[in-house]
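Contents: one structure, followed by commentary.
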Amino acid sequence: MALTIRKAQESDAELICELSKKTFIETFASVNTEEDMKKYIQENFTIEEVRRELNNADSLFFIAYSDEEAAAYMKLNVGTAQTEAQGEESMELQRIYVLKAHKGKHIGSQLIQVAEDEVAKREFSYLWLGVWEHNEAALGFYTHLGFKRFSEHIFTLGEDAQTDFLLRKQIHK
C-alpha cells in the first residue's frame, strides 16, 4: 500500500464533503437516530460550508490517499478557528475521518504525525481534540498515541447533546 498525504485546497471541497458524509455515516449511523444524523450532515457537510472552512486561514486540511484512492482526511484548527478556546499555544485536531475500507492501514496514526509536525513547526505546546465518550475505538487509539483527557464538553449531534472527552498531547515544551 502506497500512502500519500497532501494539503487540501479549495478545489478539494467536493471530495472532502463526500469523505465527510460517508465516514460520518459509517462511524455513527448505527448509534444515533436517522433524524439527528441527517440534520448534522445537512448543517456541517455542505459544499458551501466545506469551502468556507477551506478558505479559513486558521484551518488546515490534509487528504490521505491509499494507492491513489482518497481514503481519509484531517482538519486542524488554530486561533479563532478552534471549536473551543484552548490558548494560542495549541492546535485542535477537529476531524480525522478514515473510510471504513481503509481502517487498519495505519492511516490515522500517519495523519496524527502530520498534525504533530504542524504543532512542532509552529512551536505550539499542544495538540488537542474532542472524542465522543462512547467511541471506545477512538479513545483507545488516541490514548495509545499519548493523548490524555483534560476536560469534556457538549457536542450537539442534531438534537442530541452528547459528551465529548477533550484529550491533548504535549508536543513542544
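The values are calculated or read from the model by the stated rules, or taken from the named source; none is laboratory data. All values reported here derive from a predicted model rather than from experimental measurement. Quick reminder, even Gly has a Cβ in these numbers, built from the backbone with ideal geometry, and neighbours come from all protein chains shown. For accessibility, only protein heavy atoms count, side chains too; no ligands or nucleic acids. Shrake-Rupley method; radii C 1.70, N 1.55, O 1.52, S 1.80 Å.
All of A57, A81, A72, A85 fail the test of being without any contact (Cβ under 8 Å) to a residue 40 or more places away in the chain and crowded, with 16+ Cβ neighbours inside 10 Å, apart from A81. The condition (being of a type outside the set (A, V, I, L, M), outside any loop (DSSP other than H, G, I, E, B) and farther than 21 Å from R122 by Cα) is satisfied by just one residue among E92, E53, E48: E48. On inspection, F24 qualifies as closer than 22 Å to H153 by Cα and either assigned to a helix (DSSP H, G or I) or modelled with pLDDT of 95 or more (or both). Determine whether E123 is open to solvent by 40 Å² or more (accessible area, probe 1.4 Å), in a loop (DSSP other than H, G, I, E, B) and either farther than 30 Å from E159 by Cβ or out of contact with any strand residue (DSSP E or B) (no Cβ under 7 Å at 6 or more places or on another chain) (or both). Yes; evaluated as a whole, the condition is true for this residue. Across the range 121-153, the number of residues qualifying as at pLDDT below 95 and aliphatic (A, V, I, L, M) comes to 2. Of all residues in the range 126-144, those satisfying the criterion of being among the small types (G, A, S) and either surrounded by fewer than 18 Cβ atoms within 10 Å (Cβ to Cβ) or assigned to a helix (DSSP H, G or I) (or both) are A137, A138, G140. Determine whether the range 152-170 contains at least one residue that is loosely packed, with under 14 Cβ neighbours inside 10 Å, under 23 Å from A72 (Cα atoms) and hydrophobic (A, V, I, L, M, F, W, C). Taking every residue of the range 152-170 in turn, none turns out to be loosely packed, with under 14 Cβ neighbours inside 10 Å, under 23 Å from A72 (Cα atoms) and hydrophobic (A, V, I, L, M, F, W, C). Quick one: is R149 farther than 23 Å from I25 by Cα, basic (K, R) and out of contact with any strand residue (DSSP E or B) (no Cβ under 6 Å at 6 or more places or on another chain)? No.
Would you be able to tell me the number of residues in the range 6-25 that are touching a Phe, Trp or Tyr at 6+ places or on another chain (Cβ under 9 Å), more than 14 Å from E69 (Cβ to Cβ) and surrounded by fewer than 18 Cβ atoms within 10 Å (Cβ to Cβ)? Selection size over the range 6-25: 3.
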